[in-house]
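Reading through the structure tokens given below for one structure.
The values are calculated or read from the model by the stated rules, or taken from the named source; none is laboratory data. Computed from a predicted model, the values in this text were never measured in an experiment. Here Cβ is always computed from backbone atoms with ideal geometry, including for glycine, and neighbour counts include all displayed protein chains. Accessible surface is based on the protein model in full, side chains and every heavy atom, while ligands, DNA and RNA are left aside. Shrake-Rupley method; radii C 1.70, N 1.55, O 1.52, S 1.80 Å.
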Amino acid sequence: MHDLLILGAGPAGLTAGIYGARGGLDTVIVEQKSFGGQASITPEIENFPGIQNIDGFTLTYNMQEQAKALGVSFVYDQVEAVVLEEEIKSVTTKNNGVIEAKTIIIACGAEARRLGVEGEIELIGKGVSYCATCDGRFFKNKPVAVVGGGNTAVEDALYLGNFASEVHLIHRRDTLRASKVLNDKLLSSNVKILWDSVVEGFEGNPLERLHIKNLKTNEMTSIDVSCLFVAVGQDPASSLFLDKLDNENGYILADENMATNIPGVFVAGDIRKTPLRQIITACADGAIAAESAIKYLM
Ligand code: NAP
């Protein structure tokens, strides 16, 4: 029986672990993939205070090491069921049985959203990717495209410019929602931007060509690419909790103490309804959630 069970080892979960352990709680983190979450695959982070520039893998690796050094234990396994309503909270994992704790912090983050174009799923690993940092180097000197207009899409396009022979950014509107810094970097780069455009179809397996539609003129064009990197946002990884926790469009609702509608159940990071999804805000959520768990146990 643990004091605190944290689901997710991204920046929110790792920070919650650090604060929980420092607060004297016997803390365990359960993570189904690898540490670091989405942040760990971010090539360059320039907005984490105190660190001018760092890659996401190093930053989150350091967070994990810090948590381990404080005595946090880690279980890498898939969670198949959760019990939240009882005084003792528990999760059933695929390979490690049931893990119990007096409090729980849900910090499962968000998952890459699919584009929803026919053939997309079949081409995953054969010309469709959701992670430029993971797969970009396979397309050295080859033409690639990114779809999306947010921070991730712009960062991916700039990053891919280091390897690819040419990079196209396909965005459905004529303005980006990415930050001004990234916007300016993109506009002064070699990335070719296709405004007001959507991907209508794929050709080749592995991928050879994209069919693109201009939404303003209805004109159809094709571009030769070896990979399409999809960066059209994320969906909260909250399906296990939606019948139990108040939420809005799948994002879990919490008060300023990160408390949900169930006593002893807290939430932190990108899975929460929040006005800003950044590493720094995920860390802040994690710290507050752990402090709330400590107070709940007093
Ligand atoms: P996002 O900000 O939600 O942007 C998603 C983009 O994809 C939008 O431009 C959207 O178009 C477009 N889109 C959505 N569905 C689409 C579809 N079906 N077809 C074509 N385009 C579609 O997602 P994100 O860029 O992954 O960022 C997620 C969060 O992480 C944000 O809060 C972001 O600020 C944060 N983040 C921050 C940094 C950083 O600060 N360095 C880096 C990465 C991510 P519209 O614009 O038309 O809606």
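For the set 298, 220, 63, solvent exposure ranked by accessible area (probe 1.4 Å, protein chains only) runs largest to smallest as 298, 220, 63.
Note: relative contact order over the stretch 114-230, using C-alpha pairs below 8 Å and six or more positions apart, is 32 percent. Normalised radius of gyration (Cα atoms, divided by 2.2 N^0.38 Å) for the chain: 1.08. Element breakdown for the chain at a 1.4 angstrom probe: carbon and sulfur atoms account for 48% of the accessible area. Would you look at the GNM of the chain, springs on alpha carbons closer than 10 Å, and say which of 73, 40, 238 moves the most? Comparing 73, 40, 238 in the GNM, the peak value goes to 73. Put the Cα centre of the stretch 239-259 next to the Cα centre of the stretch 95-135 and the gap is 19 Å.
When its C-alpha radius of gyration is set against 2.2 N^0.38 Å (N residues), the stretch 114-230 gives a value of 0.96.
For the chain, a Gaussian network of Cα nodes joined below 10 Å ranks 184, 26, 285 by mean-square fluctuation, and the top entry is 184. The mean sequence separation of alpha-carbon pairs under 8 Å and at least six residues apart, normalised by the residue count of the stretch 11-58, gives a relative contact order of 28 percent.
Remark: relative contact order (the chain) = 21 percent; criterion is Cα-Cα distance under 8 angstrom and separation of 6 or more residues. A 1.4 Å probe run over the protein chains yields, for the chain, 48 Å² of accessible area per residue, whole-number rounding. Looking at the chain, the DSSP beta bridges with both ends there are about 45 percent antiparallel. Hydrophobic, long helices, defined as DSSP H runs whose alpha-carbon span along the helix axis is 15 Å or greater and whose mean Kyte-Doolittle value is at least -1.0, occur in the chain at 11-22, 56-69, 279-297. May I ask you to derive the FRET efficiency for residue 172 and residue 137 from their Cβ-Cβ distance with R0 = 25 Å, giving the value to the nearest 0.05? After rounding, the FRET efficiency stands at 0.35. Among 96-104, 267-275, sorting by the average number of other beta carbon atoms lying within 10 angstrom of each residue, highest first, gives 267-275, 96-104.
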